[in-house]
Amino acid sequence: MEQIKRPNGTQDVVPSQAYKWHTVEQVVKDNAGIFGFKEIRVPTFEETGLFVRSVGETTDVVSKEMYTVSSTGDKTFTLRPEGTAGVIRAALENGLLNEGLPQKVFYIVSCFRHEKAQKGRLREFHQFGCEMLGSPSPAADAELISLAHGIIDSLGLKNIVLNINSIGCPQCRAKYREALRAYFEPHRAELCETCQERLDKNPMRLLDCKSKEDQEIAKDAPVITDYLCEDCAAHFESVKKHLSIMGIDYVVNPKIVRGLDYYTRTVFEFISSDIGAQGTVCGGGRYDGLVESLGGKPTPALGFGMGLERIILTMEAQGCEFMEEKTCDLYFASMGEAAAEKAVELASMLRAEGFFAEYDLMGRGLKAQMKYADKIGAKYVIVIGDSELESGSAKLKNMTTGEQTDITLGEGISEQFAEQYYALLLDTDESFRNFADAFLTAQQEDKNEN
Ligand code: ATP
Ligand code: MG
């Protein structure tokens, strides 16, 4: 029968590639944790109106890219195109803003946008996102940026440039919008169709256009930083000062306006030049008006979203290291039914102690089992046949060195195995060695004290 293929613009992560995702997920969670961000989980779909109201009607995301489904009744629902709107909704619905401020939350979610699928641009992609609610301080903007910066650094990524800008408040933007209109109007006919529309409805979106021709026209457009009111200008200066205090390099790029309408003041993008045109691996900013526009009390807030596919693409392009996946600690190869049953019994003892143990499930012969153990990278193998069953002991074989030691096949197998296994780790695994050193030193210090 014909096989059904996966939808255009989606990706499968096969088990042999999952370690890359685990690496990134671990690093983002660890970093978020030490900044005091806690995980929040929200639904994959929301009422369509939530995104229309927050992301903005004239944005590409809302006007062209949403996956909207109708349901019974007159409500329509949309698969989330981004994380912020749902998280703010949840914060309001669950009263998070009545708890201590600032509220700091993070999430790892899939997002859905009906875009032209290409490298680094998918229809289902994944974001790590952070939102901080309650602080108007420029120190908060800088803290959020430094979190994203720290993640990028921890992942080993290089050549990622932090671009920052301020797009002001609605007051400064009104004047700027008129200046942009005046600048682009004479070029109206040369602009792409979407941008002609943007010129009427939301001229700042013109600066976000991906078309090379339009970017060329926009080259000498007025810059928002010349239109900032006193408060917004002071805020921006302070953000920059805080970044300098933290030793974070940045460039001010007045063309960064971000694709969603809810941003105010600080906006930023981390851009890689190693993965082609879709180089923004992280984007975010302040959105002081959003909470109120979703029905909450006026609450300053800010956040960012990091595209995990693009992060992984960049890591691959740069040859960054990923965390190694656990491989099988001990494989039981067996001959005959009784031996196979013994393998099941012993493996479950080891698993109960947290060891990664496996045995044959395919009815293979001994030679094929050994081949399989090698293929899955088993660190040790025990062969059980009639004579081992009879004597109640077998050889534990170290698959790297070929070394063999005797091991009893019964109670206490875990302890015996652990002794061998930790010796092996001490020999081969630097991080384990460091851990063990620290442990032994601490133990010694304890002894000295007593
Ligand atoms: P772009 O300008 O590249 O279209 P965006 O401004 O639409 O990005 P955001 O809405 O800010 O992106 O989303 C945050 C991050 O999510 C982006 O910086 C990017 O890393 C990632 N991202 C956005 N859209 C996609 C997509 N279609 N496929 C993969 N990653 C994406
Ligand atoms: Mg986009």
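Anything over 29 Å Cα to Cα? Flag those among Lys395/Lys447; Lys20/Lys297; Lys342/Lys367, in the order listed. It would help to have the intermediate numbers written out before the result.
Numbers: Lys395/Lys447 37 Å; Lys20/Lys297 41 Å; Lys342/Lys367 19 Å.
Among Lys395/Lys447; Lys20/Lys297; Lys342/Lys367, the Cα-Cα distance tops 29 Å for Lys395/Lys447; Lys20/Lys297.
Which shape class, rounded, prolate or oblate, goes with the stretch 150-189 when its Cα gyration tensor gives a ≥ b ≥ c as root eigenvalues, a/c under 1.5 marks rounded, and past that a/b bigger than b/c marks prolate?
Details: a/c = 6.54, a/b = 2.28, b/c = 2.86.
The shape class here is oblate.
Quick check for you: which residues of the stretch 404-420 have the amide N under 14 Å from the point 7 Å beyond the Cα of Gln443 toward its beta carbon?
Answer for the stretch 404-420: 419-420.
Hand me the trypsin sites (Lys or Arg not before Pro) from the stretch 309-380 located in a DSSP loop with no more than 11 other Cβ atoms within 10 Å, in residue order please.
Counting only loop positions with at most 11 other Cβ atoms within 10 Å, the trypsin sites (Lys or Arg not before Pro) in the stretch 309-380 are Lys326.
Express the relative contact order of the chain as a whole percentage, based on alpha carbon pairs under 8 Å and six or more residues apart in sequence. Before the final figure, lay out each step's value.
Values: 724 pairs, mean separation 64.2, N = 450.
Once divided by the residue count of the chain, the mean separation gives 14 percent.
Taking +1 at the Cβ of each Lys and Arg and -1 at the Cβ of each Asp and Glu, which of Val251, Phe432, Gly129 sits farthest along the dipole of the chain towards its positive end, judged by Cα position relative to the Cα centre?
Toward the positive end, the furthest listed residue is Val251.
Taking the Cα centre of each part, how many Å lie between the stretch 352-409 and the stretch 276-318?
49
Give the calculated FRET efficiency between Glu341 and Leu425 to the nearest 0.05, with a Förster radius of 30 Å applied to their Cβ-Cβ distance. Before the final figure, lay out the partial values.
Working: r = 30 Å, r/R0 = 1.00.
The calculated FRET efficiency here is 0.50.
Could you order the peptides 327-338, 218-229 from most to least packed, using the average number of other C-beta atoms within 10 Å per residue? Walk me through the intermediate numbers first.
Details: 327-338: 19.2, 218-229: 16.8.
Top to bottom by mean Cβ count within 10 Å: 327-338, 218-229.
Any chance you could give the angle, 0 to 90 degrees and rounded to 10, that helix 366-375 forms with the longest Cα principal axis of the chain?
Helix 366-375 sits roughly 30 degrees off the main axis of the chain.
Each value in this text was obtained by applying a stated rule to the coordinates, not by laboratory testing. Because the structure is a prediction, the values reported are computed rather than measured. We place every Cβ from the backbone using ideal geometry, glycine too, and count neighbours over all the protein chains shown.
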